[in-house]
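Below is one structure, written out as structure tokens; comments come after it.
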Amino acid sequence: MNLNQLTYFVVVANQESITKAAKILYVSQPAVSKTIKQLEDELRTKLFDRTGRTLKLNRAGKLFYSYVNDSLEELNRGISAVKGGLDQTQYPISLLMEVASPFIPSIVTSIQEKFPNVRLNIAQHNVRETDFKQFDFIITSTPLQGLTNVPVLKEEIFVGWNINYGYSQHFVKPEELISEKMIGLSANNPLRVTIDKYFLKRDITLNYKYEADDPATVRGIIEAGVGLSFIPSVTWQTISAKVQLARLTPDPLQRTIYLCSPHKNLTNIQREISNELILIFLSFQRSELKI
């Protein structure tokens, strides 16, 4: 099967005529007929119902057409995207990082190296749902309604504390944390929301002795050794080696991170940035914290 066969098939399907298709393709009618027959022989199925000189897609043909037409259109967009070289126009890209803030330096470095014509604007503050459309991409732990949501990372969330705190377990039951001094992010933080849902589902209320709205501050308090907290295994993998980790059992605490976009059809540069962000998250997934 080759590109010519697929192209001829789509043109014949659209024109419902070998004669009309041959004129559009600037080839002879026998050449078109032969190509269609070769394609059907290779697939071992008929794609058209023939009535006189009219050809109409049959059930198999319609199914095959739905895949081939989309693939050819995608290929043509790719050809157009790189034909003549990539231009050097400055492109603004806006990114909302609701989670995974430790990845920001790596994202900025990668985008700068590979896409020097991109002006990257990164926001970290919480925004209203109605404001999501102002961003090209959103990194979040909750799928956003009406947007395209692509899961890019799944991570376990461990219990963590300074090794000098005096707490030593490898496995922790949720109810065992009720009497502990907890360190946490503010209540509206996405990571805190994920954690709270896990414990509320089990009718457990934790005693948050220390709270902060900045993840870096929380990590610093954990390392200071004044209580227990929660450590995402991928996005917080730069946590100090002085922090000991334990797994919640019998049901581990986990979350999925999504790359979301309000754009139904990405521009060429948006598509490239999207692919790069996915690769960055995949690279961090491979080096997650282990117990």
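The values are calculated or read from the model by the stated rules, or taken from the named source; none is laboratory data. As the structure is a prediction and not an experimental result, all values here were calculated from the model. With ideal geometry, Cβ positions are generated from the backbone for all residues, glycine too; neighbour counts draw on all protein chains shown. For the accessible areas, the whole protein counts, side chains as well, though only heavy atoms, and no ligand, DNA or RNA atoms are used. Shrake-Rupley method; radii C 1.70, N 1.55, O 1.52, S 1.80 Å.
With a cut-off of at least 1 residues that are out of contact with any Cys (no Cβ under 8 Å at 6 or more places or on another chain), name the strands (runs of 3 or more DSSP E) lying wholly within the stretch 107-171. Full working, then the answer.
Working: elements: 118-123, 137-140, 148-162.
Fully inside the stretch 107-171 and qualifying: 118-123, 148-162.
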| remark: If we keep only residues of the stretch 198-221 that are surrounded by 15 or more Cβ atoms within 10 Å (Cβ to Cβ) and closer than 20 Å to Ile104 by Cβ, then the residue modelled with the lowest pLDDT is Pro215
| query | Looking at Ile195, is it within 15 Å of Pro252 (Cβ to Cβ), of a type in the set (A, V, I, L, M) and either open to solvent by less than 70 Å² (accessible area, probe 1.4 Å) or assigned to a loop (DSSP other than H, G, I, E, B) (or both)? | reply | yes
| field | Of the criteria (1) crowded, with 17+ Cβ neighbours inside 10 Å; (2) assigned by the TED database to the domain that holds Ser168; (3) modelled with pLDDT under 95, which one Ile269 fails | value | (2)
| From the residues in the stretch 245-291 that are part of a helix (DSSP H, G or I), among the β-branched types (Val, Ile, Thr) and under 21 Å from Pro143 (Cβ atoms), which one is nearest to the chain's Cα centre (by Cα)? | Ile278
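Could you please find all residues in the stretch 12-25 being under 12 Å from Leu57 (Cα atoms), open to solvent by less than 40 Å² (accessible area, probe 1.4 Å) and either modelled with pLDDT of 90 or more or not small (Gly, Ala, Ser) (or both)?
Start the filter on the stretch 12-25 by keeping residues that are under 12 Å from Leu57 (Cα atoms), which leaves 12-17.
Then keep just the ones that are open to solvent by less than 40 Å² (accessible area, probe 1.4 Å); that gives 12-13, 17.
The answer is Val12, and nothing else.
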| field | the stretch 26-62 - residue that is among the hydrophobic types (A, V, I, L, M, F, W, C) and touching a strand residue (DSSP E or B) at 6+ places or on another chain (Cβ under 9 Å) and, of those, most open to solvent (accessible area, probe 1.4 Å) | value | Leu57
| request: Of all residues in the stretch 1-20, count the ones that are part of a helix (DSSP H, G or I), under 24 Å from Asn76 (Cα atoms) and over 40 Å from the mean Cα position of the chain (by Cα). | output: 2
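If I filter the stretch 72-101 down to residues being more than 24 Å from Lys133 (Cα to Cα) and under 21 Å from the mean Cα position of the chain (by Cα), which single residue comes out as modelled with the lowest pLDDT?
First pass over the stretch 72-101, keeping only residues more than 24 Å from Lys133 (Cα to Cα): 72-88.
Narrowing further to those that are under 21 Å from the mean Cα position of the chain (by Cα): 74, 78.
Working: Glu74: 74, Gly78: 71.
Among those that are more than 24 Å from Lys133 (Cα to Cα) and under 21 Å from the mean Cα position of the chain (by Cα), it is Gly78.
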| request: Look at the stretch 241-255 and say how many of its residues are open to solvent by 40 Å² or more (accessible area, probe 1.4 Å) and under 29 Å from Gln145 (Cβ atoms). | output: 3
